[in-house]
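Below is one structure; the comments refer to it alone.
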């Protein structure tokens with residue numbers, strides 16, 4: 001009997017190398033190569049089965065919308081695109097303790113209470129622990145079938161039958177293993193093989209599949225990147241465990257819009273959906289305080305208003321501090337350089353602290369103008385108008401660029417009682433804009449320097465040099 005061949009597989013990217021090394025040559029990560037047994041090749045002379053001719057179809061033709069299961073959680077259904085699609089695989093990732101298991105248990109209990117067959121397989125907790133959590137959440141009476149297992153063969157042997165469950169929850173995929181693969185659970189080969197077998201079962205039986213995944217220290221789902229390509233939907237739980245808000249974001253969705261978000265609040269009895277997150281994010285906002293501006297952003301198809309706070313002060317250190325929470329630190333550095341070079345504001349030698357209130361993380365460049373307004377407001381100690389919303393992208397030349405979907409942003413601001421909007425000229429020239437926000441007064445900008453005039457209340461007809469001197473004084 002020949003000895004099994006061994007190889008070294010990178011646990012970060014899945015690259016295979018014949019011998020161990022400290023650094024993966026493919027992705028550059030250190031100490032990620034793990035020894036695994038190579039699959040046994042087919043005997044020589046064994047021919048593959050006869051190939052079948054594929055049936056080809058045209059693009060034209062009528063197709064039915066996929067059948068969906070409503071989870072009775074409106075925010076989760078929104079992120080999924082209207083509910084769970086039969087036979088789809090959904091991967092949920094997030095930091096430990098953020099609420100992944102709580103969400104899938106609440107969704108499974110709601111489906112089971114509506115008459116669907118739901119099975120919950122835990123590879124990390126015992127049945128007693130799951131029952132205790134269900135009791136705390138108030139869903140202990142839901143007819144959910146619960147078991148504790150880690151073997152994919154046992155799981156498929158139990159559920160792979162004509163009466164398969166409508167929803168199968170696997171918590172978590174990193175604990176599953178296939179006994180025909182000689183590697184430890186959580187390795188690249190085990191993750192890929194286990195997920196492949198479970199997804200094949202879901203497609204064959206029409207069972208919706210929830211896969212809970214661990215994340216690395218960088219916030220990415222642990223395991224090979226191919227795992228996210230195999231599933232139909234990838235959801236990420238965002239938010240700090242110290243905040244009560246949780247953001248569920250769809251990074252990938254084959255049956256709905258990507259970048260859609262759902263907002264939840266962590267309460268004593270689990271996750272509570274927030275139907276109007278803009279009002280909740282602005283509930284504790286104080287008027288008349290410098291360094292705060294309201295940004296009208298878009299998360300997927302949902303307009304969202306959030307407060308951006310900035311604090312600019314003298315620095316006792318030789319190298320000023322730059323602390324950012326909820327925004328890109330590199331973009332803040334670029335914006336500070338633009339304000340100093342194009343507007344003549346001395347910010348480079350000062351400490352700058354920037355925070356997005358509520359624990360939300362903003363990624364779109366439309367927040368540039370709101371961040372600039374908060375910085376200028378703190379530097380000049382002049383509050384931004386309390387009933388004004390701001391959005392727009394700032395370029396390196398100091399120009400204010402148009403952003404997408406200005407109608408939806410202004411419609412949300414008008415609904416919450418705001419009466420002024422500071423936005424780019426190109427966005428204000430949109431034909432449908434007056435009808436979108438009939439009672440909103442628009443302040444349009446071409447260059448970021450004009451923002452200082454709006455906040456300081458200086459007459460734009462004054463000579464720019466005189467105007468700047470008044471601001472500095």
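The values are calculated or read from the model by the stated rules, or taken from the named source; none is laboratory data. From a predicted model like this one, the values you see are computed outputs, not experimental measurements. We place every Cβ from the backbone using ideal geometry, glycine too, and count neighbours over all the protein chains shown.
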Out of (1) at pLDDT 90 or above; (2) over 19 Å from residue 101 (Cα atoms), what's the single condition that is false for residue 276? (1)
What residue, of 207, 147, 175, is closer than 16 Å to residue 11 by Cα and either modelled with pLDDT under 95 or not assigned by TED's automatic domain parsing to the domain that holds residue 27 (or both)? 175
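Quick one: is residue 71 under 22 Å from residue 197 (Cα atoms) and either under 29 Å from the mean Cα position of the chain (by Cα) or modelled with pLDDT of 95 or more (or both)?
Criteria not met by residue 71.
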Got at least one residue in segment 148-158 being farther than 23 Å from residue 206 by Cβ, surrounded by fewer than 14 Cβ atoms within 10 Å (Cβ to Cβ) and free of Cβ contacts under 8 Å to residues at least 60 places away in the same chain? no
Going by what's in this entry, would residue 406 be described as free of Cβ contacts under 8 Å to residues at least 40 places away in the same chain, touching a helix residue (DSSP H, G or I) at 6+ places or on another chain (Cβ under 7 Å) and assigned by TED's automatic domain parsing to the domain that holds residue 326? yes
Odd one out for residue 115, checked against (1) part of a helix (DSSP H, G or I); (2) loosely packed, with under 15 Cβ neighbours inside 10 Å: (1)
Which one of these does residue 459 not meet: (1) modelled with pLDDT of 90 or more; (2) surrounded by fewer than 15 Cβ atoms within 10 Å (Cβ to Cβ)? (1)
Given the criteria within 27 Å of the chain's Cα centre (by Cα), under 21 Å from residue 284 (Cα atoms) and in a helix (DSSP H, G or I), does residue 367 qualify? yes
Looking at segment 392-400, can you tell me whether even one residue there is modelled with pLDDT of 90 or more and closer than 15 Å to residue 306 by Cα? yes
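Condition test on residue 421, is it more than 29 Å from residue 98 (Cβ to Cβ), outside any helix (DSSP H, G or I) and modelled with pLDDT under 90? If you could, list the steps in order and put the result at the bottom.
On the way: more than 29 Å from residue 98 (Cβ to Cβ): yes; outside any helix (DSSP H, G or I): yes; modelled with pLDDT under 90: no.
No: the conditions fail for residue 421.
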For segment 354-363, does any single residue satisfy the condition of being over 25 Å from residue 259 (Cα atoms) and in the same structural domain as residue 420 (by TED's automatic domain parsing)? no
The listed residue being closer than 26 Å to residue 98 by Cβ and crowded, with 19+ Cβ neighbours inside 10 Å, out of 282, 336, 305, 345: 305
Within the set of pairs 6 or more residues apart or between chains, which connect a residue that is at positive phi and surrounded by 14 or more Cβ atoms within 10 Å (Cβ to Cβ) inside segment 27-38 to a residue that is in a strand (DSSP E or B) and modelled with pLDDT under 85 with Cβ atoms less than 9 Å apart? none
Among (1) outside the structural domain of residue 85 (by TED's automatic domain parsing); (2) assigned to a loop (DSSP other than H, G, I, E, B); (3) surrounded by fewer than 18 Cβ atoms within 10 Å (Cβ to Cβ), residue 290 falls short only on (3)
For segment 46-66, give me each residue that is within 24 Å of residue 251 (Cβ to Cβ) and either at pLDDT 85 or above or surrounded by 10 or more Cβ atoms within 10 Å (Cβ to Cβ) (or both). 66
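In the list 235, 227, which residue meets the criterion of being touching a strand residue (DSSP E or B) at 6+ places or on another chain (Cβ under 8 Å) and at pLDDT 90 or above?
235
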Quick test of your reading of the structure: residue 431 fulfils all but one of (1) modelled with pLDDT under 90; (2) closer than 15 Å to residue 296 by Cβ; (3) surrounded by fewer than 16 Cβ atoms within 10 Å (Cβ to Cβ). Name the failing condition by number. (2)
Among the listed residues 365, 383, 275, identify the single one that is over 23 Å from residue 239 (Cβ atoms) and surrounded by fewer than 20 Cβ atoms within 10 Å (Cβ to Cβ). 383
Within segment 75-97, identify whether any single residue is buried (at least 24 other Cβ atoms within 10 Å of the Cβ), in a loop (DSSP other than H, G, I, E, B) and in the same structural domain as residue 251 (by TED's automatic domain parsing), and answer yes or no. yes
The residue from 444, 430 that alone is part of a strand (DSSP E or B), on the phi < 0 side of the Ramachandran plot and in the same structural domain as residue 344 (by TED's automatic domain parsing) is 444
How about segment 260-306: which of its residues are over 26 Å from residue 424 (Cβ atoms) and under 15 Å from the mean Cα position of the chain (by Cα)? 262, 263, 264
Contact list, first residue from segment 254-281 and within 16 Å of residue 297 (Cβ to Cβ) and outside the structural domain of residue 418 (by TED's automatic domain parsing), second anywhere and exposed (fewer than 14 other Cβ atoms within 10 Å of the Cβ) and at pLDDT 90 or above, beta-carbon distance below 8 Å, six or more apart or interchain, is none
Here is a list of conditions, (1) in a helix (DSSP H, G or I); (2) modelled with pLDDT of 95 or more; (3) touching a strand residue (DSSP E or B) at 6+ places or on another chain (Cβ under 6 Å), and residue 201 meets all of them except one; can you say which number that is? (3)
